[in-house]
Amino acid sequence: MDLELGRGMRSPQRDSWKTTMVLAYQSLGVVYGDLSISPLYVFKSTFAEDIQHSDTNEEIFGVLSFVFWTLTLIPLIKYVSIVLRADDNGEGGTFALYSLICRHANVSLLPNRQIADEELSTYKLERNPETVDKTRVKVWLEKHKNLHTALLIMVLIGTCMVIGDGVLTPAISVFSAVSGLEFSLSKDHHEYAVIPITCVILAFLFALQHFGTHRVGFIFAPIVLAWLLCMSALGLYNIIHWNPHVYQALNPYYMFKFLKKTRKYGWMSLGGILLCMTGSEAMFADLGHFSYSAIQLAFTSLVYPALILAYMGQAAYLSKHHDFYSNSQVGFYIAVPDKVRWPVLVLAILASVVGSQAIISGTFSIINQSQSLSCFPRVKVVHTSEKIHGQIYIPEINWLLMILCVAVTVGFRDTKHMGNASGLAVITVMLVTTFLTSLVIMVCWHKPPLLALGFLLFFGSVEALYFSASLIKFLEGAWLPILLALILMAVMLVWHITTIKKYEFDLQNKVTLEWLLALGDKLGMVRVPGIGLVYTDLTSGVPANFSRFVTNLPAFHKVLVFVCVKSVPVPYVFPAERYLVGRVGPPGHRSYRCIVRYGYRDVHQDVDSFETELIESLAMFIKLNASYRCSEVSQSEQLEEWEPGLTVIGSNTLRDHASYDLQDSVQHSAASVPAADSPGGTGLESNSSKQVRFFIDSLVVSPEADKQVAEELEALAAAREAGTAFILGHSHVQCKPGSSVVKKLTVVGYNFLRRNCRGPDVVLRVPPASLLEVGMVYVL
């Protein structure tokens with residue numbers, strides 16, 4: 001299965017037709033589960049109250065025409081033909097668009113950016129920025145800081161609505177599938193059966209999340225394929241048997257005829273029609289798991305025709321049947337023959353579970369991405385598969401989603417209110433995608449502004465029409481996604497703003513390198529055995545929490561490493577490019593800096609592999625640093641000075657001289673720098689008996705440097721044997737006297753979130769026995 005690690009970082013070469021066919025088949029279960037079950041509730045939501053199904057059939061034909069052209073314009077033309085091409089190294093979604101814009105224009109709000117980040121392999125630009133003239137739009141965006149904030153807020157609005165959709169889609173999908181029991185049970189039994197059965201299925205669905213979808217993922221594609229074929233067969237049967245001329249309703253004239261007759265109520269019913277595009281955003285969001293050609297093939301050859309046949313079949317049946325005791329019967333199951341109703345019901349429930357699983361997994365993924373941008377409180381992210389990259393599970397979010405899903409089901413109890421709520425969330429995300437894509441067309445693709453404006457006006461006007469129809473249903477369910485979005489936005493903004501202010505405080509209060517070097521001369525200062533990893537958000541200088549630590553406890557480790565774990569605006573960072581390692585002070589001080597870079601879709605490593613790779617990177621840096629000092633090659637060609645006294649080796653140097661093998665035993669066959677305790681190399685062995693060897697090719701080292709390298713590597717090995725301590729800051733935020741009420745509320749909210757969410761030790765996977773927290777008060 002091509003969801004394995006590296007899928008999002010694969011080479012851009014074209015897949016073979018066999019690979020494309022396999023990926024297209026697999027995408028059915030992951031990408032199209034949500035979109036394929038929309039026929040269950042579109043007609044039912046549309047005819048809930050606003051319009052009536054009359055004998056003239058003008059309403060049903062008008063709705064069919066709207067559904068056909070909506071599916072054609074938005075999923076087929078907008079997403080498949082245009083938006084899917086706006087990928088970020090094969091990745092899609094709201095954050096992919098934002099990442100693209102941030103790389104091509106200086107609009108990012110991430111505080112610890114470095115020039116070295118632009119050397120990453122995944123940090124590719126459409127064109128060399130030096131050879132491209134800046135457009136007025138790009139200059140305007142970069143000039144005004146308020147626009148940077150507005151752009152981030154727009155991305156966060158889309159993110160909040162995706163999370164809201166993660167609450168609403170499972171509820172409406174499973175409820176609509178189970179509601180087919182109304183044709184097999186009496187009215188009294190039906191009212192008391194549907195809600196409990198839906199809640200049980202939802203609880204079971206969320207209870208299975210910690211196992212990971214890879215354990216049952218192999219059955220997802222066959223279920224959705226069977227469901228699509230079932231809908232197609234039912235649609236063809238109803239068309240042939242009831243109304244073969246229903247295809248005439250595809251004429252856009254029926255839309256105008258529909259609106260002319262129904263007027264205001266027809267416009268309000270568009271809130272139900274837009275549900276036919278539910279799940280379209282998944283095509284873009286899950287692009288990294290498959291390929292553009294595979295998603296395009298699956299949609300155009302199977303999903304799109306199956307959906308059109310399903311809607312046409314329902315319309316054909318309804319055009320010959322008008323004797324319903326209520327509009328609630330105008331739905332999917334009324335058009336299913338009695339003989340196959342039970343098998344179709346079971347298949348529909350299975351398909352709704354698959355569709356719900358896709359949006360739940362997508363919610364986990366987008367929260368992880370938000371966390372990487374410091375826009376969401378820290379949560380525990382569990383990688384559920386060793387083979388499939390990106391499959392994650394977030395326990396607290398999972399149970400919160402389950403509670404909200406069950407509450408929505410019990411509270412609304414009908415498709416109408418659920419549909420109104422879900423529709424507003426779906427169309428808001430699409431509007432955000434349309435706006436960001438128009439910016440990508442101008443800023444990243446360097447197309448004429450008129451082309452981007454045409455894209456924005458055409459698709460934006462269609463989506464704005466549906467958005468207005470959804471917003472008018474505020475009191476009938478649409479208030480829920482707005483309420484959820486407001487709460488999530490408040491949480492995200494409080495966390496992000498305070499995190500940025502804390503970084504600025506650290507930047508202003510960092511201590512100088514001279515202060516650190518002078519510590520060794522102070523009376524009573526002790527260097528204890530072991531490695532001290534001091535975590536900080538700073539990419540230069542000595543953090544204030546370390547100065548506070550040594551001021552109160554005059555001792556620090558013999559090997560000191562300032563570790564900065566940062567996010568960069570790319571989806572993935574290759575393991576060979578993850579670490580930037582440098583020296584803080586002279587070699588004899590044994591102090592280093594390590595900057596660990598992750599993309600917004602990367603999942604942090606476990607502490608064992610991280611510690612092993614970090615020590616390996618330090619040893620490699622020591623050897624390469626010695627070889628460069630002795631070589632005739634100019635240092636400016638190989639090394640870059642990022643701050644006084646700190647030399648960082650670029651990722652190209654690491655790729656040229658070494659390769660990483662993320663295993664417990666790593667060995668590169670070549671000549672090594674001999675150490676005092678080993679004639680064949682320098683071994684570093686941890687307390688858990690994990691051995692890592694370092695060998696570097698073709699190092700030119702003088703005898704004097706050879707001795708220095710051996711001593712430094714021996715000191716590193718001895719420190720590793722003594723153990724590693726993880727030094728983290730334990731922060732508390734306070735307001736300055738005279739601060740505004742908004743600022744005080746922001747600080748109170750941040751402290752509440754910090755106390756009730758996961759700590760940095762859980763996110764960084766620090767073992768409790770090796771954790772050392774330093775209290776730090778931030779006065780903002």
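The values are calculated or read from the model by the stated rules, or taken from the named source; none is laboratory data. Everything quoted here is computed from the prediction, not taken from an experiment. So basically every Cβ, Gly included, is an ideal-geometry build from the backbone, and we count neighbours across all protein chains shown. The protein model used for the area step is the full one, side chains on, heavy atoms only, and it has no ligands, DNA or RNA in it. Shrake-Rupley method; radii C 1.70, N 1.55, O 1.52, S 1.80 Å.
Observations
- The residues packed around A282, meaning those with a beta-carbon under 12 Å from its beta-carbon, carry a net charge of -4 if Lys and Arg are +1 and Asp and Glu are -1.
- Near the amide H of V534, within less than 5 Å, lie the amide hydrogens of V561, F562, V563, I727, all on another chain or at least 5 residues away, with H placed in the peptide plane.
- A simple count of charges around G530, restricted to other residues whose Cβ falls under 13 Å of its Cβ and scoring Lys, Arg +1 and Asp, Glu -1, yields +2.
- Table column - 3J(HN,Hα) (Hz), region 169-182, Karplus curve with 6.51, -1.76, 1.60, x for Gly and Pro: 4, x, 5, 6, 5, 5, 4, 5, 5, 6, 5, x, 5, 4
- Phi to ³J(HN,Hα) by Karplus 6.51 cos²θ - 1.76 cosθ + 1.60 over region 224-231, Hz, x for Gly, Pro: 5, 4, 4, 5, 5, 5, 5, 4
- Filter on K257/K320; K261/K473; K143/K380; K145/K502 - keep pairs with C-alpha separation over 27 Å: K143/K380
- FRET efficiency estimate (nearest 0.05) - Cβ-Cβ, L475 to I219, R0 35 angstrom: 0.30
- Rounded accessible area of K44 (nearest 10 Å², 1.4 Å probe): 30 Å²
- At R0 = 56 Å, FRET efficiency that the Cβ-Cβ distance of E118 and D323 yields, to 0.05: 0.25
- Ordered by solvent-accessible area of protein heavy atoms (1.4 Å probe), largest first, the residues L97, L471 come out as L471, L97.
- Exposure of K558 as accessible area (Å², to 10), given a probe of 1.4 Å and all protein chains: 100 Å²
- Under 11 Å, Cβ to Cβ, from P449 - net charge with Lys/Arg +1 and Asp/Glu -1: +3
- Applied to region 472-481, the Karplus parametrisation 6.51 cos²θ - 1.76 cosθ + 1.60 on θ = phi - 60° returns per-residue 3J(HN,Hα) values of 5, 8, 3, 7, 10, x, 5, 5, 5, x Hz, with x for Gly and Pro.
- Amide hydrogen proximity for T724: with H placed 1.01 Å from N in the peptide plane, the residues at 5 or more positions away or on another chain lying under 5 Å are I531.
- Across K510, K416, the residue with the most accessible area heads the list, and the full order at a 1.4 Å probe is K510, K416.
- A probe of 1.4 angstrom, applied to the heavy atoms of all protein chains, finds R413 with accessible area near 130 square angstrom.
- Accessible-area rank, largest first, for F204, F376: F204, F376, with all protein chains present and a 1.4 angstrom probe.
- Taking amide hydrogens as placed 1.01 Å from N in the peptide plane, the amide H of E773 sits under 5 Å from those of L728, each at least 5 positions away in sequence or on another chain.
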